[in-house]
1. One residue is enough: does segment 200-215 have a residue meeting the conditions among the acidic types (D, E) and within 18 Å of the chain's Cα centre (by Cα)?
2. Pick from segment 45-58 the residues that are β-branched (V, I, T) and in a strand (DSSP E or B): which of them is surrounded by the fewest Cβ atoms within 10 Å (Cβ to Cβ)?
3. With the requirement that a residue be among the basic types (K, R) and part of a strand (DSSP E or B), what does segment 82-107 give you?
4. In segment 23-61, how many are closer than 28 Å to S128 by Cα, modelled with pLDDT of 95 or more and in contact with a helix residue (DSSP H, G or I) (Cβ under 8 Å, 6 or more places away or on another chain)?
5. Condition first: of a type in the set (A, V, I, L, M, F, W, C), touching a Lys or Arg at 6+ places or on another chain (Cβ under 7 Å) and surrounded by 16 or more Cβ atoms within 10 Å (Cβ to Cβ). Can you find one or more residues in segment 160-172 that meet it?
6. Looking for something at pLDDT 95 or above and at positive phi - is there at least one such residue anywhere in segment 163-182?
7. Enumerate the pairs (first residue in segment 199-222 and free of Cβ contacts under 8 Å to residues at least 40 places away in the same chain; second residue anywhere and exposed (fewer than 15 other Cβ atoms within 10 Å of the Cβ) and assigned to a strand (DSSP E or B)) with beta-carbon separation below 7 Å, excluding pairs fewer than 6 apart on the same chain, so at least 6 apart or on different chains.
8. S61: assigned to a strand (DSSP E or B), touching a residue at least 12 places away in the same chain (Cβ under 8 Å) and under 17 Å from the mean Cα position of the chain (by Cα), yes or no?
Amino acid sequence: MPMKTAIFFIFLFSFNSHAIDLKALLAKVDDLYRSEQSVAKMEMEVVTPNWERTMEMDAWSKGTDKTLIRILSPKKDAGVATLKLKNEMWNYFPKINKIIKVPSSMMMASWMGSDFTNDDLVREYRYSRDYKASYVDKGDYYLITLIPNDDVVTVWGKIQVEMDKKTELPTKVFYFDEKDKKIRKMEFKERKIIDGKNIPMVMELVPLNKEGYKTMIRYKSLSFKVKVKDSVFGRKNLQKRK
């Protein structure tokens, strides 16, 4: 075998041995908090320059299509509930005893005064399916850059994920607008094994264009080995207090 050919094959083998399966890694991000069924107790802390507040809530999910979140405290918000069915969303407000469907024009509005939007709760796209991906090896982590496919409807022109090599878990996600300006940062913290899955129990979202604002969600309990009835996700169930 000529020397140049041998060198080429050595280089090719070396490159392939260090290549990563981007699709598999991104599927882990997609399914991080998803399962066939789940039940959770969460605490959401919202911080602004003028006030801070903490809400406790219960959440149920079934696959990627069904989610119910019910606020438990503080007292003034207790009973407020959000139901997501596929790409549709309803809110229940006990003070006026009304169920209101969230229109598409309000998908980028704040959810419960937090830095999360209605779209964050409803989103149906998957990084592993709906984005073109590339990566750079940064030593301890991979920096994965995601560009949405042409048929994906999103306000984000680009998303970057920092993926820890050892755990294969995301540590940070950065969101860019269509002018390539970094708009917000999500951090994942405090990993814990839950029903065999390595899960970050804390998510912290910081809008980089709003100084002094952040929202932190902490899972107080989380279970994937549960059975959730379909009736939980009925619109009538929105009005229940417990």
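The values are calculated or read from the model by the stated rules, or taken from the named source; none is laboratory data. These numbers were taken from a predicted model, which means no experiment stands behind them. Using ideal geometry, Cβ is built from the backbone for each residue, glycine included, and neighbour counts are taken over all protein chains shown.
1. Filtering segment 200-215 down to residues among the acidic types (D, E) leaves 204, 211.
From the residues that got through so far, the ones that are within 18 Å of the chain's Cα centre (by Cα) too are 204.
Yes, that holds for at least one residue.
2. T54
3. Hits for segment 82-107 are K84, K98, K101.
4. The total comes to 1.
5. Yes, some residue in segment 160-172 is of a type in the set (A, V, I, L, M, F, W, C), touching a Lys or Arg at 6+ places or on another chain (Cβ under 7 Å) and surrounded by 16 or more Cβ atoms within 10 Å (Cβ to Cβ).
6. For segment 163-182, residues at pLDDT 95 or above and at positive phi: present.
7. Once the first residue is free of Cβ contacts under 8 Å to residues at least 40 places away in the same chain and sits in segment 199-222, its partners that are exposed (fewer than 15 other Cβ atoms within 10 Å of the Cβ) and assigned to a strand (DSSP E or B) give M201/E190; M201/K192; V202/K189; V202/E190; E204/K189; L208/K182.
8. Answer is yes for this residue.
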